[in-house]
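Below is one structure; the comments refer to it alone.
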């Protein structure tokens, strides 16, 4: 190309390219007034960005050509300028030409499209597998083989959504616990859903796949740069569709390994307890034994306590009312009274069994079954 | 035998006259357009700023669903059926449609069906809230009880479409004036003939889909329920087997209208008549074999995905040919720019832009980023609003003077055109940006980086909505007090049998078939 | 007024429309199922497999992973006992899933299998599987649910990892009388 043509090309292209270049992801700050897809941080996202731009430019050039002819005609061939209508109304050569040329352009576009699609589909030789389960309206992430599993739900408070509190920087894009993966590692995702169809989408990775109940879909990514990347649910799934974002924390490998070890310990503790989920009958049996061991000395085996000294539990507001209040009194005790904080004394299993027993014995019959995991969660929530 | 119309409400309830029935369809479709439009105004008002200001997310989902259903099935399809009823008999020199009483039934079940569907807004559980594409199991296991009314309404309006299509085919194949061979038919008739075959092929498939839904919901079957050995993805295949031809059903008659308006205002015959016919037929045929491009992310094997990508890109070829033919019609013509022509030119430009984004979304790997985002919303609004709705508006400006013998106010109509054009583009062009930036569709609320273009889009929407109220005003004013027109050829460049009739057209026309050379 | 040709057209089109409706209702679903079963698309695996005398291919090892999901509000504990095994194509292998009914009422479950990648589904055979039948469990009971599978020797060389997942559905309400049969 001549120098002048080069300059012209650059002049036209430069502002647009810088716009496009600014689409290169700023991992921590999403842009306002964004007009283009992010380049993203994976080889697939870059390949998709490239083919998107190729298609875009081809359309722009064709558009300029076609609309150019049309606008020219609207100017030159108007009756008010004295134009007299010609009479031609067919031309087979023209028809053939403008059938063949678009066909060729499309065929040419299919080549990078095909190779990029093959890349998108290549889940082989993955280094780790993560199962993603979509719920109404949150995500569950499970690291297969590592026994690490946790929920990830929207962390933005309702007050921000309903405009009684100002919106924070990551409004609707923050979660209780992000997905964590290592950089430069091929991660395979197994995606399914628990209820209706959802879709897991992280634009910076160019990963999107439908989550379908009863079926497992697979896709993959390998992220080139550490950072925090945010995504969205991309299939209408009910009222919470806009309220179940995705956050992925991509760490350097050593940091990831450290995170994973910590997580495994935390999850193992929970799993121990979660494994021991008891039926109501089991809790009652264990609860009676533990109650008689640890509580009956004051509250009496018949739950009636000693009036004026130790409150009765039979028919009491605490034992039949709000469970968290009940948990609070047993775990944390009641300051200024003889009721101790049993949270540090008894295991979660015992505590759960006792509370369950108290809520159902002596005609209390609430039907509540408190599990050890509930006690753990209550303790952790404090 | 021919006498004037009956008097009073009885005229409209019992009419078998194609002109009256066309009028009923057109007024009904415009009322539905305003209804669907008000749902859109609620949507855009809520999306004006981030946060939930006006409605709750559950209701937002009802608004997006009802907007889609009402616009597709209540506004755009009946509008073009109305145009078909008015124009096809006159264009082929026939006295009326082949089955006039079935024609009346085809119309009157529609207000009933849409009243039923709209009434679900006031029932417990609310209106359908699962998107106009109603995927299972959101629309089966997780649907509100009102879903059964939705299914019933869909069956009724499907029956209306099928009966209408049978009427159109029977009329066109059997009642053309002597000498009018198929390849001498006007383009609007050709496009409707082909569209009618598409409708007969695929509306029953939609009926099948909603019947399977009905059975899963109420009779314990498991078509779409994995627990019983069924598959939610089967729903998508059946739906889109209907759904893709459906979008061509929407656009082909619109193409037909443009093929009348551009030659008229260019004072030059349509360029490439036979290739326009073949292109329309190819588009219709191809529309059956590309449906899964709406499903690129369900987890299709790569072979299937590549096939659907290639087949979809093929459709661009006959469609592009049509655009080139329209421009060649204009080229070296003698053009004037009355309002119908303005809308037709805007159609060519904006539909082509929608076609470009259509080719982009057909590229399966790129669709990983576009699918279910606002980029797709922008694409289909360009082809359906700037495409079909602009074409329908153009048709009304073009043919209204013929129907009622009065001319609309050209200056006011040009204002209406420009406000529509600008309003439309301000609404939908920024939605491309939103989709590319990562905003999914059917979102009641959004992260802060999407705020700016959403506000712009909402402003455009209010502008566009206002322009439709102006359109209503212009039409009513024209009918009541527009300048009288009495030339048969209302427009200097108009050709065709319908332009040989008196203006306004008599209640009964072509009781004796004309001769066509 | 031409009625006979019009009537002929009317009849043909009504028959056509009715035909398309019946096609959608009675041909599309079975066609879809057959297509999925034959090609393995969608990850659907077939019913019980009859073992043939093809022998074991010891030159190849394939990793088979096991994944379990509860559908909806299904409250059972449901996990694979082992997360993955390595097998030779042609070698019958047993895997066990653990299920526990944590509630205080008898329930019936149905496990639905799915294989990824879809190209592997037609090469993944189950000779015995708990998914062939519904699983009733009394309140508080648990069970080891076995399956025996064989990876076909003809599994494409490009596939080295197969993931078998089960989704567990609560079908208690669909099963007449089965609940009464418990205890």
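Quick check on segment C:126-141. Is at least one of its residues in the same structural domain as residue C:173 (by TED's automatic domain parsing), within 21 Å of residue A:147 (Cα to Cα) and touching a residue at least 60 places away in the same chain (Cβ under 8 Å)? Taking every residue of segment C:126-141 in turn, none turns out to be in the same structural domain as residue C:173 (by TED's automatic domain parsing), within 21 Å of residue A:147 (Cα to Cα) and touching a residue at least 60 places away in the same chain (Cβ under 8 Å). Exactly one residue among A:132, A:105 is away from chain B (no Cβ under 11 Å), modelled with pLDDT of 95 or more and out of contact with any helix residue (DSSP H, G or I) (no Cβ under 6 Å at 6 or more places or on another chain), and that residue is A:132.
Residue B:38 passes every criterion in (1) more than 17 Å from the chain's Cα centre (by Cα); (2) crowded, with 24+ Cβ neighbours inside 10 Å; (3) under 25 Å from residue B:133 (Cα atoms) apart from (2). Would you confirm, using the coordinates I've provided, whether residue B:255 is closer than 30 Å to residue B:513 by Cβ, in a helix (DSSP H, G or I) and within 14 Å of chain A (Cβ to nearest Cβ)? The answer is no for residue B:255.
Scanning segment A:147-158 for residues that are in a loop (DSSP other than H, G, I, E, B) and more than 9 Å from chain C (Cβ to nearest Cβ), we see that the one that is surrounded by the fewest Cβ atoms within 10 Å (Cβ to Cβ) is A:157.
The single condition among (1) surrounded by fewer than 23 Cβ atoms within 10 Å (Cβ to Cβ); (2) more than 10 Å from every other protein chain (Cβ to nearest Cβ); (3) touching a residue at least 60 places away in the same chain (Cβ under 8 Å); (4) part of a strand (DSSP E or B) that residue A:184 does not meet is (4). Scanning segment B:312-341 for residues that are more than 23 Å from residue B:248 (Cα to Cα), more than 7 Å from chain A (Cβ to nearest Cβ), surrounded by 23 or more Cβ atoms within 10 Å (Cβ to Cβ) and in contact with a strand residue (DSSP E or B) (Cβ under 9 Å, 6 or more places away or on another chain) yields no hits at all. Condition test on residue A:138, is it more than 10 Å from every other protein chain (Cβ to nearest Cβ) and touching a residue at least 12 places away in the same chain (Cβ under 8 Å)? When the stated conditions are applied, residue A:138 passes them.
Going by what's in this entry, would residue A:44 be described as modelled with pLDDT of 95 or more, assigned to a helix (DSSP H, G or I) and either on the phi > 0 side of the Ramachandran plot or surrounded by fewer than 17 Cβ atoms within 10 Å (Cβ to Cβ) (or both)? Considered against the rule, which asks whether it is modelled with pLDDT of 95 or more, assigned to a helix (DSSP H, G or I) and either on the phi > 0 side of the Ramachandran plot or surrounded by fewer than 17 Cβ atoms within 10 Å (Cβ to Cβ) (or both), residue A:44 comes out as no.
Note on segment B:227-241: among residues that are at the interface with chain C (Cβ under 8 Å from one of its Cβ atoms) and assigned to a helix (DSSP H, G or I), the one that is farthest from residue A:209 (Cα to Cα) is B:228. Considering only residues in segment B:134-147 that are surrounded by fewer than 24 Cβ atoms within 10 Å (Cβ to Cβ) and more than 21 Å from residue B:67 (Cβ to Cβ), the one that is farthest from the other protein chains (Cβ to nearest Cβ) turns out to be B:145. Screening A:93, A:123 for residues that are more than 8 Å from chain B (Cβ to nearest Cβ) and touching a strand residue (DSSP E or B) at 6+ places or on another chain (Cβ under 8 Å) leaves exactly one candidate, A:123. Taking the stated definitions as given, is residue A:301 in a helix (DSSP H, G or I) and either surrounded by fewer than 24 Cβ atoms within 10 Å (Cβ to Cβ) or at pLDDT 95 or above (or both)? No; evaluated as a whole, the condition is false for this residue.
If you check residue B:128 against the conditions, is it touching a helix residue (DSSP H, G or I) at 6+ places or on another chain (Cβ under 8 Å), modelled with pLDDT of 95 or more and in a loop (DSSP other than H, G, I, E, B)? Yes; evaluated as a whole, the condition is true for this residue. Screening A:85, A:30, A:34 for residues that are surrounded by 12 or more Cβ atoms within 10 Å (Cβ to Cβ), outside any helix (DSSP H, G or I), at the interface with chain B (Cβ under 7 Å from one of its Cβ atoms) and at pLDDT below 90 leaves exactly one candidate, A:30. Could you tell me whether residue A:161 is more than 30 Å from residue B:359 (Cβ to Cβ), out of contact with any strand residue (DSSP E or B) (no Cβ under 8 Å at 6 or more places or on another chain) and within 9 Å of chain B (Cβ to nearest Cβ)? Taking the combined requirement at face value, the residue satisfies it. Taking segment C:76-101 as the range and being surrounded by fewer than 20 Cβ atoms within 10 Å (Cβ to Cβ), within 9 Å of chain A (Cβ to nearest Cβ) and either free of Cβ contacts under 8 Å to residues at least 24 places away in the same chain or not in a strand (DSSP E or B) (or both) as the test, the residues that pass are C:83, C:84. Within segment A:203-218, restricting attention to residues that are outside any loop (DSSP other than H, G, I, E, B), touching a residue at least 40 places away in the same chain (Cβ under 8 Å) and buried (at least 24 other Cβ atoms within 10 Å of the Cβ), the residue that is nearest to the other protein chains (Cβ to nearest Cβ) is A:207.
Taken over segment C:1-17, the criterion of being facing chain B (nearest Cβ under 7 Å) and over 22 Å from residue B:89 (Cα atoms) is satisfied by C:16, C:17. Only helices (runs of 4 or more DSSP H) whose full extent lies in segment B:360-433 are considered here, and the ones with at least 2 residues that are closer than 22 Å to residue B:260 by Cα are B:374-383, B:390-404. Applying the criterion of being surrounded by 21 or more Cβ atoms within 10 Å (Cβ to Cβ) and in a helix (DSSP H, G or I) to the residues of segment B:294-307, the residue that is nearest to the other protein chains (Cβ to nearest Cβ) is B:305. Yes or no: segment A:222-242 includes at least one residue that is buried (at least 24 other Cβ atoms within 10 Å of the Cβ), over 30 Å from residue A:158 (Cα atoms), in the same structural domain as residue A:142 (by TED's automatic domain parsing) and touching a residue at least 60 places away in the same chain (Cβ under 8 Å). So far as segment A:222-242 goes, yes, one or more of its residues are buried (at least 24 other Cβ atoms within 10 Å of the Cβ), over 30 Å from residue A:158 (Cα atoms), in the same structural domain as residue A:142 (by TED's automatic domain parsing) and touching a residue at least 60 places away in the same chain (Cβ under 8 Å).
The values are calculated or read from the model by the stated rules, or taken from the named source; none is laboratory data. Predicted model, so just to flag it, every value in this text is computed and none were measured. All Cβ positions, even for glycine, are placed from backbone atoms using ideal geometry, and neighbour counts span all protein chains on display.
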